[in-house]
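Notes follow the structure.
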Amino acid sequence: MQTIVANRSDFFPENGCPIALRTIQGDHHSQHEGDLTDVRHTHDFSELIIITAGGGEHWIDGETYPVRAGDIFLIQGNTEHYFEKRYKLGMFNIMFDDSCFKEHLRSLRSLPGFNAFFLFEPTYRRSHKFKSRLHISPETMRPLMTLLQSMAEESSQERPGRDLLLLAKALEIFVFISRQYTGGHNPMVNTLFRLGDVISMLENNYTEHWTISRISRIASMAPSTLLPVFRKVTGYSPIDYLIQIRLEKGAELLLKTALPVSEIAQKCGFSDSNYFSRQFRKRYNLSPKEYREGDNCK
């Protein structure tokens, strides 16, 4: 079967935040413009799938998984997927580009459930045989449906500020889902949640002294297991990830305050301001002073 590459312009407005909502009800095809539910496809944006009724068989990167009402999962960009079968399927799709949430990423990553669900679960979906997906009860689905229907109503109307409200409603849904993804009695989810907790601890406590042994204890993993897992998802070792958090905070303080570089370094968790400056140049290709002056010249 040929794989179709979805066109972003079919889903997102030309201007504004790249975020959209689509709904599917029942088993008949092409329920909205550009509907690829039953066609193997890929796209360079992400898609949050929330099954609200019925079920089906969803093919993801060569594996077929049964899904049913209450299942919620994320399809990351450049993932091939489609529904092989549908059984009275009801579904909401929130499609978004990660750039939408750039300004909110630090707050989102302070939530262990967000990191576990949005970062780690898609990476370990195959090895966990989809058992680490989120499944919520009908009682929990009811308030989520209220949020989704409110988002759908806003999405259907061309009113000023629509993209801002869609972003706000999507953030509310993301936080709701993150709070639900806490593991409970599912050992696979518990493992991902502990990894998500590591990122949250680093994001929230970046000025503290961190070691691999301390991080490994939080994750309940041996360093030899933790390091490749963490790098696979984030692209960094835990310590390098911590340095990136500190540098981002340093960049923010450089632009928003008149504090000297040495004091900013201390506030961001660097005991040596020269080390901070070297790492800052490596990250931003500018010295802290150049970074601050460059912004003032705009």
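The values are calculated or read from the model by the stated rules, or taken from the named source; none is laboratory data. None of the values given here were measured: they were computed from a predicted structure. We place every Cβ from the backbone using ideal geometry, glycine too, and count neighbours over all the protein chains shown.
Being in contact with a strand residue (DSSP E or B) (Cβ under 8 Å, 6 or more places away or on another chain) and either surrounded by fewer than 14 Cβ atoms within 10 Å (Cβ to Cβ) or closer than 20 Å to Ser155 by Cα (or both) is the requirement here; does Asp10 meet it?
In short, no.
Can you go through Gly16, Gly34 and tell me which one is at pLDDT below 90 and surrounded by 14 or more Cβ atoms within 10 Å (Cβ to Cβ)?
The conditions single out Gly16.
Of the residues Ile177, Ile245, only one is in contact (Cβ under 8 Å) with a residue 40 or more places away in the chain, within 30 Å of Ser150 (Cβ to Cβ) and of a type in the set (Val, Ile, Thr); which?
After ruling out the rest, the residue left standing is Ile177.
How many residues are part of a helix (DSSP H, G or I) and within 20 Å of the chain's Cα centre (by Cα) when one looks only at segment 183-197?
10
Could you pull out every one of the strands (runs of 3 or more DSSP E) wholly within segment 46-129 that has 2 or more residues that are aliphatic (A, V, I, L, M)?
Fully inside segment 46-129 and qualifying: 46-60, 71-75, 81-96.
Looking at segment 198-298, what helices (runs of 4 or more DSSP H) fall wholly within it and have at least 3 residues that are of a type in the set (A, V, I, L, M, F, W, C), more than 19 Å from Arg109 (Cα to Cα) and in contact with a Gly (Cβ under 9 Å, 6 or more places away or on another chain)?
Of the helices (runs of 4 or more DSSP H) lying wholly inside segment 198-298, those with at least 3 residues that are of a type in the set (A, V, I, L, M, F, W, C), more than 19 Å from Arg109 (Cα to Cα) and in contact with a Gly (Cβ under 9 Å, 6 or more places away or on another chain) span 261-267.
Could you tell me whether segment 38-58 includes any residue that is more than 30 Å from Glu139 (Cβ to Cβ) and surrounded by 20 or more Cβ atoms within 10 Å (Cβ to Cβ)?
yes
Give the number of residues within segment 210-238 that are among the β-branched types (Val, Ile, Thr) and either buried (at least 16 other Cβ atoms within 10 Å of the Cβ) or in the same structural domain as Glu263 (by TED's automatic domain parsing) (or both).
Looking only at that region, the number is 5.
Given the condition assigned to a helix (DSSP H, G or I), touching a Gly at 6+ places or on another chain (Cβ under 7 Å), within 30 Å of Cys17 (Cα to Cα) and modelled with pLDDT under 90, answer yes or no: does some residue in segment 157-170 qualify?
Checking segment 157-170: at least one residue is assigned to a helix (DSSP H, G or I), touching a Gly at 6+ places or on another chain (Cβ under 7 Å), within 30 Å of Cys17 (Cα to Cα) and modelled with pLDDT under 90.
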